[in-house]
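Everything below concerns the one structure shown next.
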Amino acid sequence: MGIIQTNKLVFEYIRRDEEGNAEGITRAVDEVDLDVKQGEFVAILGHNGSGKSTLAKHINAILYPTEGTVLVDGQDTREEAHVWEIRQKAGMVFQNPDNQIIGQVVEEDVGFGPENMGVPTKEIWERVEESLKAVGMYAFRKHSPNKLSGGQKQRVSIAGVIAMHPKCIILDEPTAMLDPNGRKEVIRVVRALNHVEEVTILLITHYMEEVIYADRVIVMDQGRAVMQGTPREIFSQVERLKSLRLDVPQVTMLAHSLQKKGVPLPDGILTAEELADALGYRKG
Amino acid sequence: MAIVLDHVSYIYEKDTEMAAFALKDICLTIPDGQFIGLIGHTGSGKSTLVQHLNGLLAPTGGHIYYNGKDIHADGFDKKELRSRVGLVFQYPEHQLFEVDVFTDVCFGPKNLGLSRKETELRAFEALRQVGFPEEYFYQSPFDLSGGQKRRVAIAGVLAMKPDVLVLDEPTAGLDPKGRDEILDRIAALKAETGITVVLVSHSMEDIAKYVDRIIVMNRGSVLFDDVPAEVFRHDAELEAVGLAAPQMTYIMRTLRRRGMEVGTDVTTLEEAEREILRVLGK
């Protein structure tokens, strides 16, 4: 059984006007079935308002389903007794690092989660050390988070989640506010956690290039999961993605427009090396 | 008509132990009608710089001239300057506050003391310029999608009829279509009105696609100031300061390394396509 399972997950909320009168019901998530295996790297794409963040917030029990179920490691998020355990198993990283860091010193901030879980002091420090090393921020452990760059802050946020020893990390547009180098650092850390530590990753992003490393891509539209497949399968459908307000990686787009000009190329090219291969330029 | 920055420095917490340079001896001219990209890593001084352009921050050293006049001299009309140089902050939708979209956009011109008719004409024009659909004019701005909210916020600044529009990461957090729509609108607005645009962005691809001049900031100083093709030739230096060249540049480098005789001074999709077709003899 998968680490994250949703069965016909529906989330509805009541829209209200200024006076607070109910105006109607919005279905933000519409019968989504998800089955994510332990150790899998799943990316979720979708335009603003497609329901991807609402879906993500169900996985660590910030929101509860209107209909259907969400199981995290076999536990139903609607059972109150499980909520804290679920939040420890499925950690969440948000877009703005400034809203997630609370400590005055980096290592204190990272220790906050395990401390709240009642982990013994000695083990907290061990976890802080290993988490900061995992994100490459150990050298900054005594620094004030205020002085760090966006990418560094976001890596500290990730360390704070790792210190709780989650089985799964959900990242909701973790790179949206970062400069190119910050984006690279964060994605490198996410891939390493998945690869080396076998942490299950659920990555929500608007950067198509960050998705090519995923095992599987899910595309959301109007609350539904409308496309699912490997990055190559998904990015082969350029026109469909564009109609969903999305995009494809730049190299995929280049190959696609060359194709339209009559250059014989396969669909779904994901890297410059693949493009060189397809154009007939041999390695070395 | 231009903004001139003459040896501008800005020191935080000047005269204390904590004093730190945010801007160091900046000399720049921003002439009318340019589309300028301002790039730099987090903390490089971009936002501090743009806040000097309309006098929100005063330099601790040097002078800033708008159309020849020192903006911090006695008697200079700062209020007028702020309507001439329009600044759109990051996540500007957080500043929406009125009961409906149209009233929100009217706020700026109304404060300029314009008549009700002129105010409404300007609000209407500004909302048209950002491509905001008329049927939502009387909706609460809080019920809109992220991309629509951002258009309203930009329209609020455009309604002041600025000569210079400064946008600090206007597409952060938007989906790819929303990002293209906003930037296409701004490019069209520039073509239509000749307005000067300063675009702060972390997307090298967007910068390559839209601007005619790039200013690169690093640690409070100007590292490069040139046309995109020239600036992006320095990819190693850009990477050393937390930036990068556009992906197209790297793609072309890879093709070249693999033996394809393509030029590598390429920054956009159109250029890359043309160059590959040229080599293929199509």
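Just so you know, all these numbers are worked out from the coordinates, no wet-lab data involved. All values reported here derive from a predicted model rather than from experimental measurement. We place every Cβ from the backbone using ideal geometry, glycine too, and count neighbours over all the protein chains shown.
Rounded, prolate or oblate: which fits region B:2-227 when a ≥ b ≥ c are the square roots of the eigenvalues of the alpha-carbon gyration tensor, with rounded for a/c under 1.5 and prolate only if a/b beats b/c?
Taking the square roots of the gyration eigenvalues as a ≥ b ≥ c, region B:2-227 is prolate.
For region A:1-79 and region B:77-125, what is the separation of their Cα centres, given in Å?
Between the Cα centre of region A:1-79 and that of region B:77-125, the gap is 38 Å.
Using 0.36 nm times the number of residues separating B:Thr193 and B:Arg253, minus their current alpha carbon distance, what extension gain do you get?
Residue separation times 0.36 nm, minus the Cα-Cα distance, leaves 17.8 nm.
Before anything else, pin down the relative contact order of region A:4-248: Cα pairs under 8 Å, at least 6 apart, normalised by residue count, whole percent.
Relative contact order here is 26 percent.
Average partner chain C-beta neighbours within 10 Å, per residue of A:269-276?
Per-residue shielding by partner chains comes out at 4.
Within region B:68-144, list the chymotrypsin sites (Phe, Trp or Tyr not before Pro) lying in a DSSP loop whose Cβ has at most 10 other Cβ atoms in a 10 Å radius.
When the chymotrypsin sites (Phe, Trp or Tyr not before Pro) of region B:68-144 are filtered for loop state and at most 10 Cβ neighbours within 10 Å, B:Phe97 remain.
Which whole-angstrom value gives the distance between the alpha carbon centres of region B:1-64 and region A:129-203?
32
Pick out which of B:Pro109, B:Pro133, B:Pro141 has the largest mean-square fluctuation in a Gaussian network model of chain B, springs linking Cα atoms closer than 10 Å.
Of B:Pro109, B:Pro133, B:Pro141, the most mobile in the Gaussian network model is B:Pro133.
For peptide A:43-49, how many partner chain Cβ atoms fall within 10 Å of a residue's Cβ, on average?
4
Using mean Cβ contacts within 10 Å as the protection proxy, how do A:248-255, A:195-202 order, highest first?
A:248-255, A:195-202
If I take every Cα pair under 8 Å that is 6 or more residues apart in chain B, average their sequence separation and divide by the length, what percent do I get for the relative contact order?
Reported as a whole number, the value is 21 percent.
From largest to smallest, what semi-axes in whole angstrom does the protein assembly as shown give when each is the square root of 5 times an eigenvalue of its alpha carbon gyration tensor?
The answer is 38, 30, 27 Å, longest axis first.
Mind ranking A:150-162, B:212-224 by how tightly packed they are, going by the mean number of other C-beta atoms within 10 angstrom, highest first?
Top to bottom by mean Cβ count within 10 Å: A:150-162, B:212-224.
What do you get when you divide the Cα radius of gyration of region B:1-88 by 2.2 N^0.38 Å, with N the number of residues?
Normalised Rg, Cα atoms only: 1.09.
Using the Kirkwood radius built from alpha carbon pairs, what does the Stokes-Einstein equation give as D for chain A at 10 °C and 1.306 mPa s, in µm² per second?
Translational D for this selection: 79 µm²/s.
Taking every DSSP beta bridge that has both residues in chain A, what percent is antiparallel when rounded to the nearest 5?
Percentage antiparallel, nearest 5: 55.
In what sequence do A:Thr6, B:Thr29 fall when counting other Cβ within 10 Å, fewest first?
Taking fewest neighbouring Cβ atoms as first place, the list is B:Thr29, A:Thr6.
Please turn the phi angles of region B:229-238 into ³J(HN,Hα) values with the Karplus equation 6.51 cos²θ - 1.76 cosθ + 1.60 (θ = phi - 60°), one per residue in order, whole Hz, x for glycine and proline.
Residue by residue, region B:229-238 yields 4, 5, 4, 6, 5, 8, 4, 5, 5, 5 Hz.
In whole Hz, with x marking every Gly and Pro, tabulate ³J(HN,Hα) for region A:237-245 from phi via Karplus 6.51 cos²θ - 1.76 cosθ + 1.60, θ = phi - 60°.
9, 4, 5, 4, 5, 4, 5, 9, 6
Report Rg (one decimal) and Dmax (nearest whole number) for region A:173-284, counting Cα atoms only, units Å.
Considering region A:173-284 through its Cα atoms, Rg and Dmax are 15.2, 47 Å.
To one decimal place, what orientation-averaged projected area in nm² is obtained for the convex hull of the Cα set of region A:34-119?
Over every viewing direction, the Cα hull of region A:34-119 projects on average to 7.3 nm².
Would you please name the trypsin sites (Lys or Arg not before Pro) within region A:210-284 that are DSSP coil residues with at most 16 other C-beta atoms within 10 Å of their C-beta?
For trypsin sites (Lys or Arg not before Pro) across region A:210-284 that sit outside H, G, I, E and B with at most 16 neighbouring Cβ atoms in 10 Å, the list reads A:Lys261, A:Arg282, A:Lys283.
If amide hydrogens are placed 1.01 Å from N in the peptide plane, which non-local residues have theirs closer than 5 Å to the one on B:Ser9?
Result for B:Ser9 returns B:Asp25, B:Ile26, B:Thr60, B:Gly61, B:Gly62.
Enumerate the calculated ³J(HN,Hα) couplings along region A:51-58 in order (Karplus 6.51 cos²θ - 1.76 cosθ + 1.60, θ = phi - 60°), each rounded to whole Hz, writing x wherever the residue is Gly or Pro.
Rounded to whole hertz, the list is x, 5, 5, 4, 4, 4, 5, 6.
Considering only DSSP beta bridges with both partners in region A:71-203, what is the antiparallel share in %, to the nearest 5?
20
For the protein assembly as shown, give me the percentage of DSSP beta bridges that are antiparallel, rounded to the nearest 5 percent.
55
When you look at the Cβ of every residue in B:71-82, what mean number of other chain Cβ atoms sits within 10 Å?
The mean count of partner-chain Cβ atoms within 10 Å per residue comes to 0.
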